[in-house]
Amino acid sequence: MLVLKALQLEPMHGWGITERIEQWSEQVLQLGQGTLYPALYRLERQGLIRSEWKVTANNRRARYYALTRDGRKYFADELAQWRRMSRAINLVLEAAL
Amino acid sequence: MKQLWRRLQSMAGRRRIESGLSEEIQFHLDQQTQKNIRAGMTPDEARRQAFVRFGGVERVKEQTRDEFRPALFEDFLRDVQYGARLLRRTPAFAAVAILTLALGIGAATAVFSVVDGVLLRPLPYPDPDRLVRLFQVDASGRRNNTVSEPNFLDWQRNARSFAFMAELSPGPAPVSTGGEASMVSGSSVSRDFFDVMGVSPAIGRRFLDDELRVGGAPAAIISHRFWTTRYNSAPLSGLTIRIGGRLHQIVGVMPPAFDYPPASEYWYPRELSPPQTSRTAHNWMVLARVASHLAVEEAQRELSAVSRAMKAQHGDGTWMSDAAALPLREQLTAAARPVLLLLFGAAVLLLVIACLNVSNLQLARASTRHRELAVRLAVGADRGRITRQLLAEALVLATAAGAVGSLIAYGGVRALLLLQPANLPRITDVRVDGGVLLFALAAAVLTAALLGLVTALRTSSTQLRDSLNEGQRTVAGGRGERVRQGLVVAQVALTIVLLAGAGLLARSFMAVMDVNLGYRTAGSTLIDATWNSTPDPGLQRRRVDTQRDILADLQRLPGVQSVGLVSSFPLGAGFFPNGRFLEMTRQDELSSREDLARLGDQAKERAGFAGYRIASAGYFAAMGIPLLRGRLFDERDGPDAAHVAVISESLANSKWPQQDPIGRFVQFGNMDGDLRGFRIIGVVGDVRELSPETLPGPLFYAHYRQRTASRISMVMRSQTPSGLAETARQVIRRYDPDVPLQVRTVEDALERTLAGRRFSLLLVAAFSACALVLATLGIYGLMAYLVAQRTREIGIRLALGADARDVLRIVVGRGVLLAVIGVGVGIAASAGLTRLLEGMLFGVSATDPVAFAAVMTITLVAVLAASYLPARRAMGVAPVVAMRAD
């Protein structure tokens, strides 16, 4: 989910994704950065993202990941689902006694 | 297909992805490092932090690789290669493990191929599940093997559930195909037999209507086997076969696979002889094919209703109260089923023991590989990967074992068939084929799974730190050791179960050998001779004279002590007719069948039941059957004298308890139609006729010169039995060149009846011997390993002044403790399991203490020996060496 969100705006390389997620979550979510790669390969295999090698701003070769159409649709579905769930959970937790 | 293509593609792209992954991770780390430097860290610190944030690089790579399709498959191939390489590096371990497993798989597969051929495979006839055999069921609920013809005809007329029904009468008869006659098995079959079986002759034709009537042209159909061996596959036109004196034209040859009734070589129409009218003359086997729209159970219900209606109509006129329809396959193999299932169980136990043993070996090896595995774990390989690798190794082992095991099975099946030719039904259906090999494969895969899982569970549950340390020095048993000890206990327990089974079978065998048969078997030669039966009294008279002359000539042969003849030789394959007799007040009280029938129904207390035999006086002497009271037949009892009889002790005791049977009169004319009464002149000892296991039945002996039998067995007792057979054959040939003769020793006849018992005993004993060897090896291996591991501890003990005997005690004590636990568990399990054997036991109970004690002793001795050797080595440990062992 988070990876898909990170890729919504623009294609990115692995390190960029970890940076983006940490930034957005105000450093709360600090995953082992390594755990990202199996997830990326899995998403790619599922056809939700695709990758290509590009040259970065400071002239290094890096692999950029981008959302596919399936990926966008999947993300939208999941997001809606997530919202429903978290809203429900919030409602329960914050219910006035 | 698409999947496969993707896999191939992705395998090809594998290297590219792999290097891409490395580059990508490198890039990531560099970026992080630079970011850290920007945040003010020194370059070294920045790099270190980057690694920390990232986590284990190798681990990530492994996990990411798992995401590649078909990583799993390819990993697996690599694991297999790796496993095979490892095994090549340790050939001794590989050889022992593969042989052990191969033994288990081979034994299980060999027995399975027999089970498959005999019990599982459908009969080789169309729609075989519709074939049933019909039985009369008597008032006491017993199924009778034979049916009377009027009952059969009523079934055929009234039961609508059967498409076809046929009666047949299988048995050997004197058969000649041109040369000397010999006894050959065949069947007289009624019209619909071939429709019931659903098979027609492969060559030639079925019987024509004109051949299916009294006085019709005698025709016969022969088996393919008989056609090729006796007629060299000659064209049918003009081929004849002489069956029981009558010449039959051969009109057809059955297909090679057709074998019913088992071992039949020819079939001829029952309709050639006149119908039988007695509802109590039980001479026929009845087969039927259930109509295609009905289940066997429905047919059974209808048959049962029809039969009960027949009983209501005929009352005492028929002995049938009910009827049963049993699937032919079940009925054919019913006798062999328990033996085969027993053997299969034993073979599976052996396979499990083999698995446990190899698993144990693998564990021992795994502990020496701990450091290798620990290093792999440390650099980030996850436990699943390691489990998969161990599984792959196990698979390599099991596959090799499966291949060797299939060879063992192939040889084993051939050996089995040699060992047990006659007593097993459907033996021709036994072979090692695709299905059986599939079984071997399944056994191998299951074995691998079991092996790999046990080993992997044990290995991967070990803590990383422990393994790294434990590899250094071990003092006393850790977890792994407990697992291995458990395996040894299980092996010992299973071995005990097998040994207990073998012990009980052996005790039964000894008990059977010990049985007092009532006659001697050593040194006697047996000649079966079968004359064609004839209703002509003149011919009968001449035949009896011939028999007398033959006996006299045989008696004169050098070395012969006594000679006799009997109509049904004990342990023989012939008939053992029995029936109801009546006691009479005087010898000629009854003179007509009507009188006999009337009196029989009126005076039930006069009736008795006995087997009816015809014998000469010399028979009792030659067999060593003692005369207990009265006299035997002698010269006074000629053909024209009053008929006399000798009875067995059990008949005397059951019919005339506390009274003297001698001088009493008996009417037994329903056996041969001769209504002249008998006077009882003597009582002889009981004999076990059918087999050593069956109790002696009441017997009635008539004199051969007064009552005729076409089928006789001559017994010759001599000091020099060898060579006698041929001389005797020549003597008989001088009198009758055509009569079929079969010569063998009485011991052979006894041997035949014991063949089945010997077969199961031999196999179970062989299996348990293998099991014992494996279990002993297992204990030896464990002990040797423990001693090696504890060298240091032992050294310290010795250095501190412990006696070498203490060391011995510790090591052997450990082995014995394991064995005692195993024996305890095994005995408890056996006590339950041997009950399944009960039907095969004779003269011992399923929990026979002698057998169990012997089994325990054998096992404990083996275990002691297996622990003593490593212990000896431990005693010899020099403290200094031990301390330096690491």
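Values as computed for the structure displayed
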| item | result |
| --- | --- |
| Verdict on A:ALA88 being more than 14 Å from chain B (Cβ to nearest Cβ) and surrounded by 13 or more Cβ atoms within 10 Å (Cβ to Cβ) | no |
| Evaluation of B:ALA866 against (1) of a type outside the set (Asp, Glu); (2) closer than 25 Å to B:SER508 by Cβ; (3) crowded, with 23+ Cβ neighbours inside 10 Å (one fails), failing number | (2) |
| Among residues of the range B:326-339, those that are open to solvent by less than 10 Å² (accessible area, probe 1.4 Å) and at pLDDT below 85, counted | 2 |
| Single match in A:TYR41, A:TYR37, A:TYR65 (criterion: in contact with a Pro (Cβ under 8 Å, 6 or more places away or on another chain) and either within 11 Å of chain B (Cβ to nearest Cβ) or part of a strand (DSSP E or B) (or both)) | A:TYR65 |
| Pick from the range B:803-849, criterion outside any helix (DSSP H, G or I) and in contact with an Asp or Glu (Cβ under 9 Å, 6 or more places away or on another chain), ranking: surrounded by the fewest Cβ atoms within 10 Å (Cβ to Cβ) | B:SER845 |
| Hey, B:GLY117 out of contact with any strand residue (DSSP E or B) (no Cβ under 7 Å at 6 or more places or on another chain) and open to solvent by less than 10 Å² (accessible area, probe 1.4 Å) or not | yes |
| Candidate set: the range B:175-194, residues that are open to solvent by 20 Å² or more (accessible area, probe 1.4 Å) and under 32 Å from the mean Cα position of the chain (by Cα); chosen: the one nearest to B:LEU208 (Cα to Cα) | B:SER185 |
| Condition broken by A:ARG50, with the remaining ones in (1) more than 12 Å from every other protein chain (Cβ to nearest Cβ); (2) outside any helix (DSSP H, G or I); (3) more than 28 Å from B:ARG59 (Cβ to Cβ) satisfied | (3) |
| Extreme residue, nearest to B:HIS28 (Cα to Cα), among residues of the range A:53-62 that are in a loop (DSSP other than H, G, I, E, B) and not hydroxyl-bearing (Ser, Thr, Tyr) | A:ARG60 |
| Filter result for B:ARG88 (more than 30 Å from B:ALA364 (Cα to Cα) and of a type outside the set (Gly, Ala, Ser)) | no |
| Top-ranked residue in the range B:63-95 [being open to solvent by 40 Å² or more (accessible area, probe 1.4 Å) and within 37 Å of the chain's Cα centre (by Cα); ranked as modelled with the highest pLDDT] | B:ALA95 |
| Within the range B:104-140, tally of residues that are without any contact (Cβ under 8 Å) to a residue 12 or more places away in the chain and in a helix (DSSP H, G or I) | 1 |
| Selection within the range B:156-169 - closer than 13 Å to B:SER307 by Cβ and more than 35 Å from the chain's Cα centre (by Cα) | B:GLN156, B:ARG157, B:ASN158, B:ALA159 |
| Residue match in the range B:96-113 (condition: within 38 Å of the chain's Cα centre (by Cα) and either surrounded by fewer than 21 Cβ atoms within 10 Å (Cβ to Cβ) or within 14 Å of another protein chain (Cβ to nearest Cβ) (or both)) | yes |
| Options B:ALA257, B:ALA347; residue that is among the small types (Gly, Ala, Ser) and assigned to a loop (DSSP other than H, G, I, E, B) | B:ALA257 |
| The range B:779-795: number of residues that are farther than 10 Å from B:ILE810 by Cβ, in contact (Cβ under 8 Å) with a residue 12 or more places away in the chain and more than 41 Å from the chain's Cα centre (by Cα) | 4 |
| Filter result (crowded, with 17+ Cβ neighbours inside 10 Å, under 16 Å from B:GLY608 (Cα atoms) and under 39 Å from the mean Cα position of the chain (by Cα)) within the range B:653-694 | B:MET671 |
| Residues (under 18 Å from A:ALA57 (Cβ atoms) and among the acidic types (Asp, Glu)) located in the range B:18-42 | B:GLU23, B:GLU24, B:ASP30 |
| First in the range A:9-20 and within 12 Å of another protein chain (Cβ to nearest Cβ) and touching a residue at least 40 places away in the same chain (Cβ under 8 Å), second anywhere and open to solvent by 50 Å² or more (accessible area, probe 1.4 Å) and hydrophobic (A, V, I, L, M, F, W, C), Cβ under 9 Å, 6 or more apart | A:ILE17/A:LEU2 |
| Residue ID - modelled with the lowest pLDDT, chosen from residues in the range B:17-61 that are more than 23 Å from A:GLN23 (Cβ to Cβ) and facing another protein chain (nearest Cβ under 9 Å) | B:ILE17 |
| Output for the range B:786-802, where each listed residue is at pLDDT 75 or above and open to solvent by 40 Å² or more (accessible area, probe 1.4 Å) | B:ILE796, B:ARG797, B:ALA799, B:LEU800, B:GLY801 |
| Residues that are in a loop (DSSP other than H, G, I, E, B) and either under 12 Å from B:TYR701 (Cβ atoms) or among the aromatic types (Phe, Trp, Tyr) (or both), drawn from the range B:651-684 | B:TRP656, B:PHE668 |
| Contacts under 9 angstrom Cβ, first residue in the range B:539-563 being among the small types (Gly, Ala, Ser), partner in a helix (DSSP H, G or I) and open to solvent by 60 Å² or more (accessible area, probe 1.4 Å), 6 or more apart | B:SER562/B:GLN555 |
| Unmet requirement for B:ARG246, which otherwise passes all of (1) among the charged types (D, E, K, R); (2) surrounded by fewer than 21 Cβ atoms within 10 Å (Cβ to Cβ); (3) in contact with a strand residue (DSSP E or B) (Cβ under 6 Å, 6 or more places away or on another chain); (4) under 30 Å from B:PRO577 (Cα atoms) | (3) |
| Residues (free of Cβ contacts under 8 Å to residues at least 60 places away in the same chain and at positive phi) located in the range B:262-293 | none |
| Members of the range B:20-62 that are open to solvent by 60 Å² or more (accessible area, probe 1.4 Å) and under 60 Å from the mean Cα position of the chain (by Cα) | B:GLU58, B:ARG59 |
| Residue list for the range B:613-650, filter: out of contact with any Ser or Thr (no Cβ under 8 Å at 6 or more places or on another chain), in a strand (DSSP E or B) and either modelled with pLDDT under 90 or within 25 Å of B:ASN670 (Cα to Cα) (or both) | B:VAL644, B:ALA645, B:VAL646, B:ILE647, B:SER648 |
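The values are calculated or read from the model by the stated rules, or taken from the named source; none is laboratory data. Predicted model only: the values in this text are computed from it and were never measured. So basically every Cβ, Gly included, is an ideal-geometry build from the backbone, and we count neighbours across all protein chains shown. With ligands, DNA and RNA removed, areas are computed over all heavy atoms of the protein, side chains included. Shrake-Rupley method; radii C 1.70, N 1.55, O 1.52, S 1.80 Å.
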